[in-house]
C-alpha cells in the first residue's frame with residue numbers, strides 16, 4: 001500500500017493523501033466486485049464496535065469444507081491487523097441447522113467455546129457422530145466437565161434462543177448460499193466465482209478489511 005502521509009502538512013494535504021490511497025486500492029486491486037466478492041445491502045455487524053473491522057466466518061459444523069478451513073482462519077487470526085475482530089456465526093439455512101447452532105451458542109454461554117468448537121468438529125468429521133440427539137450432545141459437554149444442571153440451564157436459555165434467531169435472520173440478510181462464507185464489516189461477502197481457494201478467501205478478506213479501516 002502506497003502512503004504519502006509522512007511529509008503532509010495540514011489537514012487538507014492529509015485528506016488528499018488519504019483519498020488518493022483509498023482510490024489507489026480500489027482502482028488497482030486485483031480483487032474485483034462481482035468476481036472475487038459481493039457488496040451487500042445495509043451493513044450489520046454481529047458483535048464488533050464501530051471503530052473495529054469485523055471479519056465474520058459463517059460456518060456449519062456439518063460442512064467438511066468448514067472443517068478444513070479452520071487452520072487457515074486460525075492462522076489469519078494469529079497474524080491479523082490489530083483493528084480486526086475475527087468472529088464466527090453458525091449458518092441456519094433451515095430448522096435442521098438449529099441444533100448445531102444451539103451447540104455453538106451453548107458452549108459460548110458456558111465459556112468453553114475454544115475447547116468445544118474443536119471437539120464438535122472432531123466428533124462429526126473424525127468420529128462420525130451426527131450430534132443431533134440431546135443426550136449425545138450433553139455427553140460431549142460432560143466429557144469436558146460440564147454438569148447436567150449447567151448444560152440444561154444454557155441449552156434452551158433465552159440468550160441461546162435469541163442468538164439462534166439472530167443467526168437465522170443474518171443468514172438470510174447476508175444472502176449466504178454456501179459455507180464457509182466470510183463477511184467483512186457486514187458489508188462485503190468475500191466469496192465469488194473467482195475466489196476458488198481458501199487462500200483466495202483469506203487474501204480477499206484481508207484487502208477488504210484494510211479498505212474498511214482506511215475508509216474510517
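The values are calculated or read from the model by the stated rules, or taken from the named source; none is laboratory data. Quick caveat: nothing in here was measured; it's all calculated off a predicted structure. Glycine gets a Cβ as well: all are built from the backbone with ideal geometry, and neighbour counts include every protein chain shown.
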- Item | Residue that is nearest to the chain's Cα centre (by Cα), among those in region 141-153 that are within 17 Å of residue 114 (Cα to Cα) and surrounded by 13 or more Cβ atoms within 10 Å (Cβ to Cβ) | 141
- Do we find a residue being modelled with pLDDT under 95, surrounded by fewer than 12 Cβ atoms within 10 Å (Cβ to Cβ), not in a helix (DSSP H, G or I) and not assigned by TED's automatic domain parsing to the domain that holds residue 206 anywhere in region 8-16? yes
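Let's see how each residue does on (1) closer than 13 Å to residue 45 by Cα; (2) part of a loop (DSSP other than H, G, I, E, B); (3) not assigned by TED's automatic domain parsing to the domain that holds residue 71:
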residue	(1), (2), (3)
182	yes, no, no
186	yes, yes, no
192	no, yes, no
196	no, yes, no
202	no, no, no
205	no, no, no
210	no, no, no
213	no, no, no
216	no, yes, no
- Message: Suppose we filter region 73-97 for residues that are under 28 Å from residue 161 (Cβ atoms), modelled with pLDDT of 95 or more and assigned to a loop (DSSP other than H, G, I, E, B); how many remain?
- Response: 3
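Restricted to region 141-158, and to residues that are in a helix (DSSP H, G or I) and out of contact with any helix residue (DSSP H, G or I) (no Cβ under 6 Å at 6 or more places or on another chain), which residue is nearest to residue 98 (Cα to Cα)?
To start, the set of residues in region 141-158 that are in a helix (DSSP H, G or I) comprises 141-142, 148-155, 158.
From what's left, out of contact with any helix residue (DSSP H, G or I) (no Cβ under 6 Å at 6 or more places or on another chain): 142, 148-150, 152-153, 158.
On the way: 142: 21, 148: 21, 149: 21, 150: 20, 152: 16, 153: 18, 158: 15 Å.
Top of the filtered list is 158.
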- Message: Which numbered condition in (1) within 22 Å of residue 136 (Cα to Cα); (2) not assigned by TED's automatic domain parsing to the domain that holds residue 155 is the only one that residue 99 fails?
- Response: (2)
